[in-house]
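Enquirer: Below is one structure. I have some questions about it.
The values are calculated or read from the model by the stated rules, or taken from the named source; none is laboratory data. Note that the structure is a prediction, hence the values are computed from the model and not measured. For neighbour counting, all protein chains shown are included, and Cβ atoms are generated from backbone atoms with ideal geometry for every residue, glycine included.
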Amino acid sequence: MKQTSQQYLGSLSTEQVMQASQSLDRLDGLGIASLMNAADATVHQAVRQALPAIGQAIEEIAKRLSDGGRLIYVGAGTSGRLGVLDASECPPTFGVSPEMVTGIIAGGDTALRLAAEGAEDDDLMGQKDLEAISLTARDTVVAISASGYAPYCCAALRYARQVGALAIGLSCNSDTRLSRQADLAIEAPTGPEVLMGSTRLKAGTATKMVLNMLSTGAMVRTGRVYRNLMVDMAATNQKLADRSLRIIHHATGLSLTEAEPLLRRAGGRVKTAIVMHLAKADKIRAEEALEQAGGWVAGALEELRK
């Protein structure tokens, strides 16, 4: 017999009552914080068991980004907000265009600040929002739903598969409806919440952890990191300008004072500055080598040192 939506949602582990938190309303501030901290300590275990799927997703996303595709997060409520947050951090951290990593939330940008929780039930909009950005087969869609139920997200994955894009489902339950619509399912079952059903808690934390891995991993695998340094970052404020000099210092051993004129000669590009110094090359040769190496600093250095 087919489950009703009520039956399905009621069976989810994230919708169950946590036995350890049933006295939540009788605890003082320290007690509440201690209880939540103990619950959060289990989140990494849920994410750890999903690592094989996360690793596969990183590789597949990177392939598509290298081929000119985009990484597109879609979600509703807390899940949608976390997707938008992760996407918005990629341009300053990795120097990519805002279009390369995009976050779409059910209900539009207004839903970032004002609750529009009913929007997750609009399955038609799940497809229309992807049509509006001209989804292609080179793109990756990561649909995020803690419950793994949201019709908006399921419809987005169905449409992604229809056009040939990679469809990834990210949920915090096992064997979800979302996973069944996905080419690749990432499931991090976080179990009952301290506040029953409030998946902005453990499930939200697990989701943020996974998104950190997906975007950072994909950027590493497309040559936007040298060693563990964010060499493609955009220096859009004083803090990031200072960080640029420290990155050059760590990569080359130059002092901050020495790094500053080098960065100027490199046209403000950290990658170029590092290659110029380590390979004893001028700006033009460094840029040509980086282009030939697909943006990988290590590859450019290897080429120039032949």
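Enquirer: Among the numbered criteria (1) in a helix (DSSP H, G or I); (2) without any contact (Cβ under 8 Å) to a residue 60 or more places away in the chain; (3) of a type outside the set (A, V, I, L, M, F, W, C); (4) buried (at least 18 other Cβ atoms within 10 Å of the Cβ), which one does S88 miss?
Expert: Checking S88 against (1) in a helix (DSSP H, G or I); (2) without any contact (Cβ under 8 Å) to a residue 60 or more places away in the chain; (3) of a type outside the set (A, V, I, L, M, F, W, C); (4) buried (at least 18 other Cβ atoms within 10 Å of the Cβ), the one that fails is (4).
Enquirer: Quick one: in segment 62-79, which of the residues that are of a type outside the set (F, W, Y) and either closer than 14 Å to G169 by Cβ or outside the structural domain of A185 (by TED's automatic domain parsing) (or both) is surrounded by the fewest Cβ atoms within 10 Å (Cβ to Cβ)?
Expert: Within segment 62-79, the subset of a type outside the set (F, W, Y) is 62-72, 74-79.
Then keep just the ones that are either closer than 14 Å to G169 by Cβ or outside the structural domain of A185 (by TED's automatic domain parsing) (or both); that gives 72, 74-76, 79.
On the way: I72: 25, V74: 29, G75: 28, A76: 31, S79: 31.
So the residue we want is I72.
Enquirer: Check segment 52-68 and report whether any residue there is of a type in the set (A, V, I, L, M, F, W, C) and out of contact with any strand residue (DSSP E or B) (no Cβ under 9 Å at 6 or more places or on another chain).
Expert: From segment 52-68, those of a type in the set (A, V, I, L, M, F, W, C) are 53-54, 57-58, 61-62, 65; that's our starting set.
Still in the running and out of contact with any strand residue (DSSP E or B) (no Cβ under 9 Å at 6 or more places or on another chain): 58, 62.
Taking every residue of segment 52-68 in turn, at least one turns out to be of a type in the set (A, V, I, L, M, F, W, C) and out of contact with any strand residue (DSSP E or B) (no Cβ under 9 Å at 6 or more places or on another chain).
Enquirer: Need the failing condition index for S23 against (1) touching a helix residue (DSSP H, G or I) at 6+ places or on another chain (Cβ under 9 Å); (2) surrounded by 12 or more Cβ atoms within 10 Å (Cβ to Cβ); (3) among the hydroxyl-bearing types (S, T, Y), just the number.
Expert: Just one mismatch for S23, condition (2).
Enquirer: Report yes if some residue within segment 220-242 is crowded, with 18+ Cβ neighbours inside 10 Å and in a helix (DSSP H, G or I); otherwise report no.
Expert: No, because not a single residue in segment 220-242 is crowded, with 18+ Cβ neighbours inside 10 Å and in a helix (DSSP H, G or I).
Enquirer: Evaluate the following for I133: is it touching a residue at least 40 places away in the same chain (Cβ under 8 Å), of a type outside the set (S, T, N, Q), touching a Ser or Thr at 6+ places or on another chain (Cβ under 8 Å) and over 21 Å from K208 (Cβ atoms)? Break it down into steps so the answer makes sense when it comes.
Expert: On the way: touching a residue at least 40 places away in the same chain (Cβ under 8 Å): yes; of a type outside the set (S, T, N, Q): yes; touching a Ser or Thr at 6+ places or on another chain (Cβ under 8 Å): yes; over 21 Å from K208 (Cβ atoms): yes.
Here the answer is yes, as I133 does meet what is asked.
Enquirer: What number goes with the only condition from (1) without any contact (Cβ under 8 Å) to a residue 60 or more places away in the chain; (2) assigned to a helix (DSSP H, G or I); (3) touching a helix residue (DSSP H, G or I) at 6+ places or on another chain (Cβ under 9 Å) that L254 does not pass?
Expert: (2)
Condition check ((1) within 24 Å of L184 (Cβ to Cβ); (2) out of contact with any helix residue (DSSP H, G or I) (no Cβ under 6 Å at 6 or more places or on another chain)) across all residues:
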{"site": "Q19", "(1), (2)": "no, yes"}
{"site": "D28", "(1), (2)": "no, yes"}
{"site": "M36", "(1), (2)": "no, yes"}
{"site": "H44", "(1), (2)": "yes, yes"}
{"site": "I58", "(1), (2)": "yes, no"}
{"site": "I61", "(1), (2)": "yes, no"}
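Enquirer: List every residue pair whose Cβ atoms sit under 9 Å apart, with the two residues 6 or more apart in sequence or on different chains, where the first one lies in segment 1-27 and is of a type in the set (D, E) and the second, anywhere, is at pLDDT 90 or above.
Expert: From residues that are of a type in the set (D, E), the pairs are E15/S147; E15/N173; E15/P192; E15/E193; E15/M196; E15/G197; E15/T199.
Enquirer: Which of the numbered conditions does T216 fail, given that it passes all the others? Conditions: (1) in contact with a strand residue (DSSP E or B) (Cβ under 9 Å, 6 or more places away or on another chain); (2) in the same structural domain as L184 (by TED's automatic domain parsing); (3) buried (at least 18 other Cβ atoms within 10 Å of the Cβ).
Expert: Every condition holds for T216 apart from (1).
Enquirer: Please indicate, with yes or no, whether at least one residue in segment 93-109 is in the same structural domain as A167 (by TED's automatic domain parsing), in a helix (DSSP H, G or I) and more than 25 Å from G223 (Cα to Cα).
Expert: Looking only at segment 93-109, we keep the residues that are in the same structural domain as A167 (by TED's automatic domain parsing), and these are 93-109.
Next cut, in a helix (DSSP H, G or I) only: 93-94, 109.
Next cut, more than 25 Å from G223 (Cα to Cα) only: 109.
Checking segment 93-109: at least one residue is in the same structural domain as A167 (by TED's automatic domain parsing), in a helix (DSSP H, G or I) and more than 25 Å from G223 (Cα to Cα).
Enquirer: Something else: Let me confirm something: among A156, A167, which residue is among the hydrophobic types (A, V, I, L, M, F, W, C), in contact (Cβ under 8 Å) with a residue 12 or more places away in the chain, under 18 Å from I61 (Cα atoms) and not in a helix (DSSP H, G or I)? Write out each step before concluding.
Expert: Values: A156 fails: not in a helix (DSSP H, G or I).
Step by step, each of A156, A167 is checked, and only A167 is among the hydrophobic types (A, V, I, L, M, F, W, C), in contact (Cβ under 8 Å) with a residue 12 or more places away in the chain, under 18 Å from I61 (Cα atoms) and not in a helix (DSSP H, G or I).
Enquirer: Given (1) in contact with an Asp or Glu (Cβ under 8 Å, 6 or more places away or on another chain); (2) among the aliphatic types (A, V, I, L, M); (3) surrounded by fewer than 20 Cβ atoms within 10 Å (Cβ to Cβ); (4) modelled with pLDDT of 95 or more, where does M18 come up short, assuming only one miss?
Expert: The single condition M18 does not satisfy is (4).
Enquirer: Can you pull out every residue in segment 257-306 that is among the small types (G, A, S) and part of a helix (DSSP H, G or I)?
Expert: Here is the first cut: in segment 257-306, the ones among the small types (G, A, S) are 259, 266-268, 273, 279, 281, 286, 289, 293-295, 298-300.
Those that are among the small types (G, A, S) and part of a helix (DSSP H, G or I): A259, A273, A279, A286, A289, A298, G299, A300.
Enquirer: Exactly one of these conditions fails for L195: (1) at pLDDT below 95; (2) outside any helix (DSSP H, G or I). Give me its number.
Expert: (1)
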